[in-house]
Amino acid sequence: MLDTVIQGGLVIFPQGPCQADLGIGVDGRFHAFSLPGELTGKQVVSAEGLVILPGGVDPHVHINMQFSAIQKTTDDFFTGTMPAALGGTTTLVEFAIPRSGETTLDALERRYREASGKAVVDYNFHACVVRERFAESLAELPQLQAHGISTVKLFSAYCDTIGLDLGQIQTVMEACSSAHLLVLVHCETESLLQKGIADCVAGGNLSPHAHLLSRSSLAEADAVRSICDLAADADVPVYIVHVSSADGAAVVRERRQRGERVYAETCTHYLYLDDSVYKRPDSELWVCSPPIREHSHQEALWQGLEDGIFDIVSTDHNCFNRSQKAARRDDFRLIPNGLPSVEFRTPLLLSAVHDGRLDWTRLARFTAEAPARIFGLWPRKGAITIGSDADFLLVDPSGETDLSVGHMATDYSPFMGITAQGRILQTWLRGVCIARDGALQVEPGYGVRMTQERGRGLVYRARD
């Protein structure tokens, strides 16, 4: 007998929506689908009138991150993953950015320890190569597959700390091609950023608005173009993170039309906010990189989703609070970069379905199926299919979600004043309800690290 039956909901399968029952086994995986009313189980949960979406996979979050001696996010792997669960995300792919003195593998080992026993959703990490100890980290790349890591993140900006120049990026890409690794890149051209910053400083403008002025869409597009050239030359697939501009999207479009192996994401704040946030008296709260741009860019990003230019909508979650931001508001160069947002991705996109910008199938593709496929988690994650983990959401499409308040480890919401159409009632992970009606249902440590291992597929590690 099945352990649990979810009965009568509108299920968003990869092929499209269908009214169905879902049968879950004791192993926490989907074992049977049927027409409504045909399955029986030890536990029956009614989903009448609800939509059943696959659990979200967010491949771009920064939890418990120390960016400098004075810049550390306010969350840890419990307080960071708990709001993810409440917001419909059941799997995260985090970053292991080396701190001073660390190599790529050192950073991964530290991040394993930080997350173990705390996370309430499943997770894995992207490896990162930075400027310090570059040669040692480069030599470690062939070992990543043995650690279950298949991705490497690079930065073309922040070259005074973690960023790499184009020659170093080319070298890493060549190594990743040999090691069969996907390369992710933060794309902004450093020299153009430095000119933009110098121009603002010379003009006496150190306000939060100068952050936008200093980081042009040209800097993004120029870097995307260079990174795609290097990836094509190295014969390595590349994933462009957080595309924020019409110009950046246009380069991605051109390269995909050429048949280059280019993946790309945009983020919720670029889709739902515009540069008016930098005219607010508390504008420092929205300082992030790349910055939030004029409304015309927002519309171009939505068009990119419509046209299939973007594979994924992510959050680029970075959780700081008001006091951390306000303490540095008099000099935009020092304001902690990033927005708390891991809880709000699915609620925002539920509104996009209500408004006709997305349909249910495409929402599931952008938030679950595509990230699972691109980052090696498919078929266990990312879709409601036989044999996949029973990760799913029960959504009331007629409900509402107030995005002015949330459960993240901060005291503000970047989406304050927005009410999303649709409400997540329950989040399930591996056949267990982990969140119900805005309350967590599991203890810290329920989430486990996943690794991709040749010949074994996705392996779950209960503790590191």
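The values are calculated or read from the model by the stated rules, or taken from the named source; none is laboratory data. No experiment lies behind these values; they were computed from the predicted model shown. No Cβ is skipped: glycine too gets one built from the backbone with ideal geometry, and neighbour counts run over all protein chains shown. Accessible surface areas use protein heavy atoms only, side chains included; no ligands, DNA or RNA. Shrake-Rupley method; radii C 1.70, N 1.55, O 1.52, S 1.80 Å.
For A390, are the conditions met, namely being free of Cβ contacts under 8 Å to residues at least 12 places away in the same chain and out of contact with any Pro (no Cβ under 7 Å at 6 or more places or on another chain)? Steps first, please.
On the way: free of Cβ contacts under 8 Å to residues at least 12 places away in the same chain: no; out of contact with any Pro (no Cβ under 7 Å at 6 or more places or on another chain): yes.
Spelling it out, it is not the case that A390 is free of Cβ contacts under 8 Å to residues at least 12 places away in the same chain and out of contact with any Pro (no Cβ under 7 Å at 6 or more places or on another chain).
Let's see how each residue does on (1) farther than 24 Å from I240 by Cα; (2) more than 15 Å from the chain's Cα centre (by Cα):
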position	(1), (2)
Q66	no, yes
T73	no, yes
T79	yes, yes
E94	no, no
D106	yes, yes
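Please specify each residue of the stretch 371-408 satisfying the condition of being in contact with a helix residue (DSSP H, G or I) (Cβ under 8 Å, 6 or more places away or on another chain), of a type in the set (A, V, I, L, M) and open to solvent by 10 Å² or more (accessible area, probe 1.4 Å).
M408
Using the structure shown, decide if S178 is within 21 Å of Y263 (Cα to Cα), modelled with pLDDT of 95 or more, open to solvent by 50 Å² or more (accessible area, probe 1.4 Å) and not in a loop (DSSP other than H, G, I, E, B).
On the way: within 21 Å of Y263 (Cα to Cα): yes; modelled with pLDDT of 95 or more: yes; open to solvent by 50 Å² or more (accessible area, probe 1.4 Å): yes; not in a loop (DSSP other than H, G, I, E, B): yes.
Yes: the conditions hold for S178.
Please state which of the following conditions I70 fails to meet, knowing it meets all the rest: (1) open to solvent by 10 Å² or more (accessible area, probe 1.4 Å); (2) touching a residue at least 24 places away in the same chain (Cβ under 8 Å).
(2)
For the stretch 1-29, what are the residues that are within 15 Å of G382 (Cα to Cα), surrounded by 22 or more Cβ atoms within 10 Å (Cβ to Cβ) and out of contact with any Cys (no Cβ under 8 Å at 6 or more places or on another chain)?
Scanning the stretch 1-29 gives a single hit, I12.
Is it true that some residue in the stretch 100-113 is part of a helix (DSSP H, G or I), among the aromatic types (F, W, Y), within 21 Å of L377 (Cβ to Cβ) and open to solvent by less than 40 Å² (accessible area, probe 1.4 Å)?
Within the stretch 100-113 (the criterion being part of a helix (DSSP H, G or I), among the aromatic types (F, W, Y), within 21 Å of L377 (Cβ to Cβ) and open to solvent by less than 40 Å² (accessible area, probe 1.4 Å)), the answer is yes, since at least one residue qualifies.
Just a yes or no: is a residue in the stretch 332-341 in contact with a Pro (Cβ under 7 Å, 6 or more places away or on another chain), buried (at least 22 other Cβ atoms within 10 Å of the Cβ) and assigned to a strand (DSSP E or B)?
The answer is yes; a qualifying residue exists.
Residues that are more than 30 Å from T151 (Cα to Cα) and in contact with a Phe, Trp or Tyr (Cβ under 8 Å, 6 or more places away or on another chain): find the helices (runs of 4 or more DSSP H) completely inside the stretch 342-460 holding 1 or more of those.
345-354
Of all residues in the stretch 295-317 being under 16 Å from the mean Cα position of the chain (by Cα) and open to solvent by 10 Å² or more (accessible area, probe 1.4 Å), which is farthest from Y158 (Cα to Cα)?
My answer is D311.
Answer yes or no as to whether A232 is touching an Asp or Glu at 6+ places or on another chain (Cβ under 8 Å), over 24 Å from S341 (Cα atoms) and open to solvent by 10 Å² or more (accessible area, probe 1.4 Å).
Taking the combined requirement at face value, the residue satisfies it.
Scan the stretch 186-213 for residues that are over 14 Å from H242 (Cα atoms) and under 25 Å from the mean Cα position of the chain (by Cα) and jot them down.
T189, E190, L193, P208, H211, L212
Please list, ordered by residue number, the helices (runs of 4 or more DSSP H) wholly in the stretch 257-330 having 3 or more residues that are over 22 Å from D75 (Cβ atoms) and among the acidic types (D, E). Before the answer, list the steps.
Values: elements: 268-272, 295-307, 322-326.
Hits in the stretch 257-330: 295-307.
Hey, can you tell me all the residues within the stretch 32-86 that are closer than 23 Å to Y412 by Cα, hydrophobic (A, V, I, L, M, F, W, C) and part of a strand (DSSP E or B)?
Answer for the stretch 32-86, where residues must be closer than 23 Å to Y412 by Cα, hydrophobic (A, V, I, L, M, F, W, C) and part of a strand (DSSP E or B): V61, F67.
Looking at (1) in a helix (DSSP H, G or I); (2) touching a strand residue (DSSP E or B) at 6+ places or on another chain (Cβ under 7 Å), can you tell me which one A210 breaks?
(2)
Within the stretch 154-168, track down each residue that is crowded, with 22+ Cβ neighbours inside 10 Å and hydrophobic (A, V, I, L, M, F, W, C).
Step one: list which residues in the stretch 154-168 are crowded, with 22+ Cβ neighbours inside 10 Å, which gives 154-157, 164.
L154, F155, A157, L164 - these are the residues of the stretch 154-168 that are crowded, with 22+ Cβ neighbours inside 10 Å and hydrophobic (A, V, I, L, M, F, W, C).
Counting only residues that are out of contact with any Ser or Thr (no Cβ under 7 Å at 6 or more places or on another chain) and surrounded by fewer than 20 Cβ atoms within 10 Å (Cβ to Cβ), which one in the stretch 43-67 is modelled with the lowest pLDDT?
Top of the filtered list is F67.
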